[in-house]
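Okay, structure first, notes after.
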Amino acid sequence: MKLLKILLFISLFFTYGNAKTNFNGIWQGIIQKEGTKLNDATILFTEFTVLDNSLTGRTRDEIPKNDFYIIHRIKGHLVDSNTIKFKQYVAESKKQNTRITWIQIECTLKYDSLTGYLSGTYSQIGGRKTGGKIILYRSNAEFSSNEMIMLHQSWRDIFIDDLNKKRKAPEIREKERRNFVFEPIYFDYDKDELKSEYFNYLSEMARIVLDHTDLRIKMTGHTDADGSDNYNKDLSQRRAKVIQDYFIKQGVPIHKIVIDFKGENEPVDNNKTENGKQRNRRVDFAFI
């Protein structure tokens with residue numbers, strides 16, 4: 001029986017510890033030539049189809065702020081469960097002028113499940129050797145085979161800003177938002193001081209809000225039933241305000257913070273017991 005448990009553990013380790021990345025679909029990002037700045041990076045879309053360990057598909061390079069592009073067929077393979085290697089081998093279509101010279105490249109990219117980025121290095125195939133790095137993330141766009149750009153190119157500047165601020169890929173940030181578990185923050189009797197035990201929790205919440213341009217945080221202050229209604233409304237507002245001040249110190253703009261306060265009017269427990277009163281002395285949260 002003991003041997004069976006050990007074998008089961010080993011099986012589970014290799015099943016889940018070495019799960020293959022799903023590379024299929026569209027990825028979007030940038031390609032940065034060695035020796036240039038991130039702001040000079042051009043646009044790259046990839047379309048991958050993986051069957052067993054073989055990879056086929058297309059890439060689409062675009063020059064920012066105009067409609068020049070080139071589409072290459074690609075072929076490659078899986079190096080391991082999280083790494084692919086491929087090269088461009090034939091150009092399907094393109095639009096350019098005399099100042100643009102397209103090159104064919106080969107690259108090795110690795111997926112980071114913590115950040116959600118597929119990144120690595122590339123080098124030129126033949127000719128004068130040039131190289132650089134590629135950073136991609138999963139895309140919901142449809143691959144364009146003609147002159148029509150795939151997405152409004154303003155996303156490139158947003159992506160570069162994300163990289164500079166060390167934000168994770170959109171799919172990871174969205175997953176963190178969906179999976180974030182809200183918990184009330186509790187206060188001592190007749191107090192509005194924020195306890196240090198909540199700092200890490202609030203900092204993580206602030207990070208998620210900062211990672212989404214369209215996300216705000218709403219906080220609602222509450223009290224127990226001791227004291228007058230007017231006093232408790234003021235106390236519940238002060239409790240929400242002290243957390244607002246903490247978020248601002250974490251870099252959250254004030255326009256992304258919404259305060260509400262209910263005083264004693266929305267208890268979650270009985271105000272006739274000490275434990276019940278403690279649960280009512282709180283601030284609740286929600287993303288909006």
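The values are calculated or read from the model by the stated rules, or taken from the named source; none is laboratory data. Note that the structure is a prediction, hence the values are computed from the model and not measured. Virtual Cβ from ideal backbone geometry, glycine too; neighbours counted across all protein chains shown.
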Exercise. Scan the range 210-224 for residues that are at pLDDT 95 or above and crowded, with 16+ Cβ neighbours inside 10 Å and jot them down.
Key: Ile217, Met219, Thr220, Gly221, His222, Thr223, Asp224
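Would you confirm whether any residue within the range 260-272 is of a type in the set (Phe, Trp, Tyr) and within 26 Å of Pro170 (Cα to Cα)? Give the steps one after another, and end with the answer.
Taking the range 260-272 first, the residues of a type in the set (Phe, Trp, Tyr) are 261.
Pick out the ones that are also within 26 Å of Pro170 (Cα to Cα) and you get none.
Checked the range 260-272: no residue is of a type in the set (Phe, Trp, Tyr) and within 26 Å of Pro170 (Cα to Cα).
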Quiz item: Under the condition of being touching a Gly at 6+ places or on another chain (Cβ under 7 Å) and not in a loop (DSSP other than H, G, I, E, B), which residue from the range 169-205 is nearest to Ile248 (Cα to Cα)?
Solution: Ile172
Exercise. Search the range 234-256 for residues that are under 13 Å from Lys191 (Cα atoms) and pair each with any residue that is acidic (Asp, Glu) when their beta-carbon atoms are under 6 Å apart and the residues are at least 6 apart or on different chains.
Key: Arg238/Asp192; Arg239/Asp192; Val242/Asp192
Exercise. Would you please list the contacts, defined by Cβ atoms under 9 Å and residues six or more apart or on different chains, that run from a residue in the range 36-58 that is under 17 Å from Arg73 (Cα atoms) and without any contact (Cβ under 8 Å) to a residue 60 or more places away in the chain to a residue that is of a type in the set (A, V, I, L, M, F, W, C) and not in a strand (DSSP E or B)?
Key: Phe48/Phe23; Thr49/Phe23; Val50/Phe23; Leu55/Phe23; Gly57/Phe143
Quiz item: If you scan the range 206-232, which residues turn out to be farther than 19 Å from Val258 by Cα and assigned to a loop (DSSP other than H, G, I, E, B)?
Solution: Asp224, Ala225, Asp226, Gly227, Ser228
Practice problem: Among residues belonging to the range 254-277 that are more than 16 Å from Gly221 (Cα to Cα), part of a helix (DSSP H, G or I) and among the charged types (D, E, K, R), point out the one that is farthest from the chain's Cα centre (by Cα). | Solution: Glu274
